[in-house]
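Novice: This is the structure I want to talk about, given as structure tokens.
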Amino acid sequence: MTKTKFMHEHFRKLVQRLKKTLRLSASDKRHDVAATLSLDDLPEECISIIISFTSPLDACVLASVSKTFESAVKSDIVWEKFIPPEYESLISQSRDFSSKKELYFALCDESVLIDDGKKCLWIEKANAKRCIMLSEMYLSITWGNYPQSWQWIPDPQARFETVAELLGVCLFEIRGRINSCILSPRTRYSAYIVFRKTDICYGFENVAVEVVVGLVGQDLEESCRRYVCFDEATDEQFRWRDRGKNLVKPERRKDGWMEIKLGEFFNEGGLLNYDEIEMVALENKQRHWKRGLIIGGIEIRPANIR
């Protein structure tokens with residue numbers, strides 16, 4: 001059964017329950033028998049409300065069911081359900097959108113700066129889940145206040161006005177924190193550190209950087225820790241000698257940056273389930289000099305979404 005047929009069958013059963021509960025019926029006067037109520041017999045607004053409880057991807061699929069469904073999917077009732085409640089504060093008042101659907105896709109295609117430009121927010125097109133990126137100014141970087149160690153420079157290719165360039169450190173440590181209330185509830189998230197290399201980059205060849213993601217104040221098990229390498233040319237056979245673990249290497253992104261997965265966490269959400277999540281990248285075992293990384297920030301997006 002295709003997804004479209006499955007959804008159609010699901011709504012058919014829903015209509016039957018509505019019909020029974022609300023005593024809706026249509027009579028065939030000639031034979032005095034009850035006629036089956038089809039989906040298209042429902043008011044368009046009712047169909048829109050039902051579709052709003054699915055996902056943007058499902059809504060686009062359901063638009064192909066019938067002309068009635070296609071019209072219902074275009075309704076603001078559907079797309080307003082997928083848009084963050086505070087969208088009016090996220091979008092410039094000078095911009096005008098013809099529909100909530102247009103506004104939704106604008107929030108998917110364009111990230112919005114929030115918290116005085118230290119974070120940016122956008123939503124994932126298929127499921128309306130929130131994605132957040134923390135700027136380098138929002139991160140805690142060891143020796144970050146020493147101009148001989150790090151410098152903040154403008155970068156037109158970055159999401160933020162500036163990026164952090166590593167000039168020279170022995171101890172490499174970057175930490176970021178985010179309150180889970182800004183993220184979508186009941187969602188598993190992955191955290192990534194986003195970076196590039198300068199023409200002169202050294203100190204990260206075959207070097208294991210310990211990374212961890214977890215709740216602030218919670219003792220994390222060893223299974224929550226992983227080891228990564230910022231050098232994509234690292235030998236596949238290289239193993240962290242003390243841990244016997246293969247290193248996770250970076251991957252190149254479509255936007256030209258590179259990223260390394262720091263870990264995952266599940267955001268329960270809800271009024272009583274707001275936690276602070278911390279993400280850490282630390283290398284303090286090998287005290288040789290390191291140079292040449294450009295840190296764009298830490299990106300947090302729903303797991304398995306590229």
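The values are calculated or read from the model by the stated rules, or taken from the named source; none is laboratory data. The model shown is predicted, which means the values in this text are computed figures rather than measured ones. Here the Cβ is made from the backbone with ideal geometry for all residues, glycine too, and neighbour counts use every protein chain on show. Note: accessible area is taken over every heavy atom of the protein model, side chains too, but ligands, DNA and RNA are not part of it. Shrake-Rupley method; radii C 1.70, N 1.55, O 1.52, S 1.80 Å.
Novice: Quick test for you: out of T68, T21, T4, pick the one residue that is in contact with a helix residue (DSSP H, G or I) (Cβ under 6 Å, 6 or more places away or on another chain), β-branched (V, I, T) and either at positive phi or at pLDDT below 85 (or both).
Specialist: T4
Per-residue answers, yes or no, for (1) surrounded by 15 or more Cβ atoms within 10 Å (Cβ to Cβ); (2) under 30 Å from D109 (Cα atoms); (3) in contact (Cβ under 8 Å) with a residue 12 or more places away in the chain; (4) in contact with a helix residue (DSSP H, G or I) (Cβ under 9 Å, 6 or more places away or on another chain):
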site: Q157; (1), (2), (3), (4): no, yes, yes, no
site: E165; (1), (2), (3), (4): yes, yes, yes, no
site: L171; (1), (2), (3), (4): no, no, yes, no
site: N179; (1), (2), (3), (4): no, yes, yes, no
site: A191; (1), (2), (3), (4): yes, yes, yes, no
site: V194; (1), (2), (3), (4): yes, yes, yes, no
site: G203; (1), (2), (3), (4): yes, no, yes, no
site: V207; (1), (2), (3), (4): yes, no, yes, no
site: V212; (1), (2), (3), (4): yes, yes, yes, yes
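Novice: Quickly run through region 100-152 and pick out the residues that are assigned to a strand (DSSP E or B) and hydroxyl-bearing (S, T, Y).
Specialist: S140
Novice: Consider region 123-137. How many of its residues are charged (D, E, K, R), open to solvent by 40 Å² or more (accessible area, probe 1.4 Å) and touching a Ser or Thr at 6+ places or on another chain (Cβ under 9 Å)?
Specialist: 1
Novice: How many residues, within region 53-76, are part of a helix (DSSP H, G or I), under 17 Å from L103 (Cβ atoms) and open to solvent by 40 Å² or more (accessible area, probe 1.4 Å)?
Specialist: 2
Novice: Yes or no: I200 within 20 Å of D231 (Cβ to Cβ) and assigned to a strand (DSSP E or B)?
Specialist: In short, yes.
Novice: Follow-up question, since we're still on this one. For region 267-304, enumerate the residues that are at pLDDT 85 or above and charged (D, E, K, R).
Specialist: E268, E276, E278, E283, K290, R291, E299, R301
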